[in-house]
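Student: Before anything else, here's the structure in question.
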Amino acid sequence: MLDGVADIKVYGAPWCPDCKRSKKFLAEHRVAYDWIDIDRDPGDLAYVEREQNGGRTIPMVVFPDGSRLLEPGDDELARKLGLRLEPDESFYDLVIIGGGPAGLAAAIYAAREGIDTLVVDKGGLGGQAGVTERIDNYPGFPDGVGGGDLADRFIAQARRYGVELLSAVEVTAIDVRHAGNGTGQGNDAGVEVRLGTGQMVASHAVLVATGSSYRRPGVPGEDELIGAGVHFCATCDGPFYRGAKELLVIGGGNSALEEGLFLKRFADSIRFVEHAPALTASRLLQDKVAENPAFTVHLNTDVVSMSGGGGRLTEVAARDRITGEEFVWHPAAAFVFIGQSPNSGWLADSNGGASGVELDRWGFVRTDTAFATSAPGVFAAGDVRAGSTKQLGSAVGDGIAALIAVRAYLQRHSDMRRLDIND
């Protein structure tokens, strides 16, 4: 969590897309805030109007020093929170795209090797681990560890070694065709990295560690209710449903059951809906769910629609895939954990596909056994890589192993440049 940031208040409404974006930005950066729904209390709406001389612009984000931002973009929020958005240099040995466990682990090892490194993440540093309530299977923490706490430790260690970290900065494209090596020698094509801020940096190598994102059910009514009863992060939004009679969890893997167990602290009961004929979570998690009468599990069942009223989820319809039996439930909210999609679309779009990075049919980045992609000087690690296990521990290992491969690559090209100079 960012130091010195507390008591932020976000005034908004569930139907407001900019409010959802601001909440997501703060949650990704692990910034504590109070959400104030102006539709619920006329007094809160009146406060917003007084502060804006009769205006009703939302979200209105109020900071501890009394200042406020109206309908801020992510860049405005980032600057207000003191985040750095511009790189110090125009050239680096290595640019790591993605500041999750894989990217941060690689950055720590790179710094110890004396490799000049820049880490760029379009969201908050720490990745999905940073917004996970509790992690119980990471070695060295026998009693478990909060995801945010673990992410903060990664970040602090990277900073201790002098790694340059940029968050809330998107990479829009990479180009291996035009970048020079920063030395004027031209022997190493290098990689050009274009940032959403309009800036450009070049490097000898790039490590893609952008991770993956949760998939969506894609059923009628879902889009209108995202952030207003349909959520993808129990840690971010679970506390808003304290005292609820029932919450719905869609999915049957480790993430679904872990987040469902977390959500139980806020609701009387949790209902799981799984498309497959069996849960795929670990036996330990399945046993915890089976032993607690507050949990109900529906297998071979699909959610077919969601509906709401007043900007809130009010009904979820589902159907048994075997019997055809239909169900209608009225949970306070639905939390979706049905797998992940790679954050790699920007690679396919880079300069009309000029990145040269090959993706598999699902969009994961193909690599060889040394984590090298099909593009010279471009490597990949973590959840975005084809064949990765989508686990925190393996993502850290991926990042370290990929960095060792990057180090060998940089050494080879350094030797080649020295030979050319001597010739």
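Student: Name the single residue that is modelled with the highest pLDDT among those in segment 8-32 being over 24 Å from Thr314 (Cβ atoms) and either open to solvent by 40 Å² or more (accessible area, probe 1.4 Å) or of a type in the set (D, E, K, R) (or both).
Tutor: Lys9
Student: Which residue pairs have Cβ atoms closer than 8 Å, lie 6 or more positions apart in sequence or on different chains, and pair a first residue in segment 324-341 that is farther than 20 Å from Lys390 by Cα with a second residue that is aromatic (Phe, Trp, Tyr) and surrounded by 19 or more Cβ atoms within 10 Å (Cβ to Cβ)?
Tutor: Listed by first residue and then by second, the contacts come to Ala332/Tyr241; Ala333/Tyr241.
Student: Here's a follow-up. Show the residue pairs meeting these rules: Cβ distance below 9 Å; 6+ apart or different chains; first residue within segment 205-234 and free of Cβ contacts under 8 Å to residues at least 40 places away in the same chain; second residue open to solvent by 10 Å² or more (accessible area, probe 1.4 Å) and of a type in the set (Lys, Arg).
Tutor: Note: pairs meeting the criteria are Asp223/Arg216.
Student: Just checking, how many residues over segment 133-158 are at pLDDT 90 or above, surrounded by fewer than 23 Cβ atoms within 10 Å (Cβ to Cβ) and closer than 11 Å to His29 by Cα?
Tutor: Total meeting the criteria: 1.
Student: Taking the conditions exactly as written (open to solvent by less than 30 Å² (accessible area, probe 1.4 Å), of a type in the set (Gly, Ala, Ser) and either assigned to a helix (DSSP H, G or I) or under 30 Å from Val191 (Cα atoms) (or both)), does Ala78 satisfy them or not?
Tutor: Yes: the conditions hold for Ala78.
Student: Could you run through segment 200-217 and say how many residues are farther than 17 Å from Ser344 by Cβ and in a strand (DSSP E or B)?
Tutor: 6
Student: Now for a separate question. Please verify whether Gly130 is open to solvent by less than 10 Å² (accessible area, probe 1.4 Å), closer than 26 Å to Ala256 by Cβ and at pLDDT 95 or above, treating the condition exactly as stated.
Tutor: So Gly130 fails the test.
Student: Has segment 293-302 got any residue that is open to solvent by 50 Å² or more (accessible area, probe 1.4 Å), in a strand (DSSP E or B), at pLDDT below 95 and not small (Gly, Ala, Ser)?
Tutor: no
Student: Among the residues of segment 252-274, which ones are assigned to a loop (DSSP other than H, G, I, E, B) and surrounded by fewer than 16 Cβ atoms within 10 Å (Cβ to Cβ)?
Tutor: Arg265
Student: Which condition breaks for Thr235 when tested against (1) assigned to a loop (DSSP other than H, G, I, E, B); (2) within 25 Å of Phe262 (Cα to Cα); (3) open to solvent by 10 Å² or more (accessible area, probe 1.4 Å); (4) at pLDDT below 85?
Tutor: Result: Thr235 passes all but (1).
Student: Right, another one. Among the residues of segment 34-62 satisfying the criterion of being in contact (Cβ under 8 Å) with a residue 24 or more places away in the chain and either open to solvent by 40 Å² or more (accessible area, probe 1.4 Å) or charged (D, E, K, R) (or both), which is farthest from Lys80 (Cα to Cα)?
Tutor: Top of the filtered list is Asp39.
Student: Please work out if Ile97 is at pLDDT below 95 and among the β-branched types (Val, Ile, Thr).
Tutor: No: the conditions fail for Ile97.
Student: Hey, any hits in segment 112-119 for a residue that's closer than 28 Å to Ser213 by Cβ, buried (at least 19 other Cβ atoms within 10 Å of the Cβ), at pLDDT 95 or above and aliphatic (A, V, I, L, M)?
Tutor: Yes, segment 112-119 contains a residue that is closer than 28 Å to Ser213 by Cβ, buried (at least 19 other Cβ atoms within 10 Å of the Cβ), at pLDDT 95 or above and aliphatic (A, V, I, L, M).
Student: Show me the strands (runs of 3 or more DSSP E) found entirely inside segment 310-423 where at least 1 residues are modelled with pLDDT of 95 or more, in contact with a Ser or Thr (Cβ under 7 Å, 6 or more places away or on another chain) and open to solvent by less than 40 Å² (accessible area, probe 1.4 Å).
Tutor: By residue number, 312-320, 378-380.
Student: Still on this structure, please answer the following. Between Asp302, Asp360, Asp368, which is closer than 27 Å to Thr132 by Cα and of a type in the set (D, E, K, R)?
Tutor: Result: Asp302 is the single residue among Asp302, Asp360, Asp368 that is closer than 27 Å to Thr132 by Cα and of a type in the set (D, E, K, R).
Student: Condition test on Ser307, is it open to solvent by 40 Å² or more (accessible area, probe 1.4 Å), under 27 Å from Val145 (Cα atoms) and at pLDDT 90 or above?
Tutor: Criteria not met by Ser307.
Student: Quick one: count up the residues across segment 275-292 that are outside any helix (DSSP H, G or I) and more than 24 Å from the chain's Cα centre (by Cα).
Tutor: 7
Student: If I go through segment 107-147 residue by residue, how many of them are small (Gly, Ala, Ser) and within 22 Å of Leu85 (Cβ to Cβ)?
Tutor: Counting residues in segment 107-147 that are small (Gly, Ala, Ser) and within 22 Å of Leu85 (Cβ to Cβ) gives 8.
Student: Identify, from the list Asp93, Asp136, the residue that is farther than 22 Å from Tyr214 by Cβ and among the charged types (D, E, K, R).
Tutor: Selected residue: Asp93, the only one of Asp93, Asp136 that is farther than 22 Å from Tyr214 by Cβ and among the charged types (D, E, K, R).
Student: Which of (1) surrounded by fewer than 19 Cβ atoms within 10 Å (Cβ to Cβ); (2) touching a helix residue (DSSP H, G or I) at 6+ places or on another chain (Cβ under 9 Å); (3) assigned to a loop (DSSP other than H, G, I, E, B) is the odd one out, the single condition Leu125 does not satisfy?
Tutor: (1)
Student: Could you please let me know if Glu86 is open to solvent by 30 Å² or more (accessible area, probe 1.4 Å), at pLDDT 90 or above, assigned to a helix (DSSP H, G or I) and not hydrophobic (A, V, I, L, M, F, W, C)?
Tutor: When the stated conditions are applied, Glu86 does not pass them.
The values are calculated or read from the model by the stated rules, or taken from the named source; none is laboratory data. Owing to the predicted nature of the structure, the values given are computational and were not obtained by experimental measurement. In this analysis, Cβ positions are derived from the backbone assuming ideal geometry, glycine residues included, and neighbour counts consider all displayed protein chains. For the accessible areas, the whole protein counts, side chains as well, though only heavy atoms, and no ligand, DNA or RNA atoms are used. Shrake-Rupley method; radii C 1.70, N 1.55, O 1.52, S 1.80 Å.
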